[in-house]
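Step one of this worksheet: look at the structure below.
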Amino acid sequence: MTMIEKIDAAANAIREACGEAEIGLILGSGLAGSISLENEKSIAYQDIPEFPVSTAPGHRSEWVCGELHGKRVCLMRGRFHMYEGWPMEKIAMPIRVMKGLGVKALIVTNAAGGVNLGFEPGDLMLIDDTINYSGLNPLIGQNLDEFGPRFPDMSREFDPEFLKTAYEVAAKLGISLREGVYMWFSGPSFETPAEIRMARTLGADAVGMSTVPEVIVARHCGLRVLGVSCITNMAAGILDQPLTHQEVLETGERVKEKFSTLIEGIVREMKL
Ligand code: HPA
């Protein structure tokens, strides 16, 4: 099977099990259970042909489709990280499957470490730009011209209208937002204090192990993107305490309600 045939096979299985969508939503660590859709239908990743199955703790493994405020949304409960050892094409696949299912807008969320010293655990940050510090790129390999050009432009990764909508929705709901640059480290080890000092010097406000590859693939195939980070912990070396995945999950749990209210409000107001 060619890559295009694999993407089509996965999209067909999902379409049959739970239908198409106009908005794609990827939920980060500890945030997977935070959103539910109306008339939800789902398919387990293991039942989607050629699809990877997430292994990270705090991540489930199902593709869900349904409605939210009258809009068709597909939701990935569980995402794929480079640190799990997936080849680039598998990391790219879900985004391309979304494109095949009619998705126009991608909302990508994550748990992230706060690098900006003005941030606190529990803050929500709109991502306005990214730094790819992984040395990896999901578009490495043969270009799929059907999806986009060999050298896609990344000068405006995040949709200005979606950012504006997010601020308006947050203001109405009384939710305060941060905004900043998300820097991608491959993981799975957390960063060192020296790496975090470097990240801050380079202009990062938050660090994490996901999102950037998904955004690159989404922009390659012309999806409009909104990114939201949940600052689950201060990054390494800022506080005198070790970093744990437990803290990431606990903060995710604590902000779940604020997070889901914001995301649902954004979906309601988003103009596609
Ligand atoms: N570093 C990288 N990834 C993360 C962090 C962090 O501090 N917190 C949550 N995801």
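The values are calculated or read from the model by the stated rules, or taken from the named source; none is laboratory data. Here the structure is a predicted model, which is why all the values come from computation and not from measurement. Positions of Cβ are generated from backbone atoms using ideal geometry, with glycine treated the same way; all protein chains shown enter the neighbour counts. Heads up: the accessible areas ignore ligands, DNA and RNA and are worked out on the full protein's heavy atoms, side chains in. Shrake-Rupley method; radii C 1.70, N 1.55, O 1.52, S 1.80 Å.
Condition first: touching a residue at least 12 places away in the same chain (Cβ under 8 Å), crowded, with 17+ Cβ neighbours inside 10 Å and within 12 Å of the ligand (Cβ to nearest atom). Can you find one or more residues in region 172-183 that meet it? Within region 172-183, one or more residues are touching a residue at least 12 places away in the same chain (Cβ under 8 Å), crowded, with 17+ Cβ neighbours inside 10 Å and within 12 Å of the ligand (Cβ to nearest atom). Of everything in region 112-138 that is in contact with a helix residue (DSSP H, G or I) (Cβ under 6 Å, 6 or more places away or on another chain) and open to solvent by less than 20 Å² (accessible area, probe 1.4 Å), the residue that is nearest to GLY33 (Cα to Cα) is GLY122.
The single condition from (1) buried (at least 22 other Cβ atoms within 10 Å of the Cβ); (2) closer than 25 Å to ALA199 by Cβ that MET270 fails is (2). Of all residues in region 220-254, those satisfying the criterion of being within 23 Å of ILE266 (Cα to Cα) and open to solvent by less than 20 Å² (accessible area, probe 1.4 Å) are CYS221, LEU223, VAL225, LEU226, GLY227, VAL228, SER229, CYS230, ILE231, THR232, THR251, GLY252.
Can you find a residue in region 212-228 that is part of a loop (DSSP other than H, G, I, E, B), farther than 21 Å from LEU31 by Cβ and touching a helix residue (DSSP H, G or I) at 6+ places or on another chain (Cβ under 9 Å)? Yes: region 212-228 contains one or more residues that are part of a loop (DSSP other than H, G, I, E, B), farther than 21 Å from LEU31 by Cβ and touching a helix residue (DSSP H, G or I) at 6+ places or on another chain (Cβ under 9 Å).
Every residue, every condition in (1) without any contact (Cβ under 8 Å) to a residue 12 or more places away in the chain; (2) within 13 Å of the ligand (Cβ to nearest atom); (3) not in a helix (DSSP H, G or I), yes or no:
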| position | (1), (2), (3) |
| --- | --- |
| PHE80 | no, no, yes |
| MET98 | no, no, no |
| LEU106 | no, no, yes |
| ALA111 | no, yes, yes |
| LEU117 | no, no, yes |
| GLY122 | no, yes, yes |
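Of all residues in region 8-30, those being more than 16 Å from the ligand (Cβ to nearest atom), of a type outside the set (A, V, I, L, M, F, W, C) and crowded, with 21+ Cβ neighbours inside 10 Å number 1.
Checked against (1) more than 10 Å from the ligand (Cβ to nearest atom); (2) free of Cβ contacts under 8 Å to residues at least 40 places away in the same chain; (3) part of a loop (DSSP other than H, G, I, E, B); (4) not acidic (Asp, Glu), MET198 meets all criteria but (3).
Only a single criterion out of (1) more than 11 Å from the ligand (Cβ to nearest atom); (2) closer than 21 Å to LEU126 by Cα is not satisfied by ARG150, namely (2).
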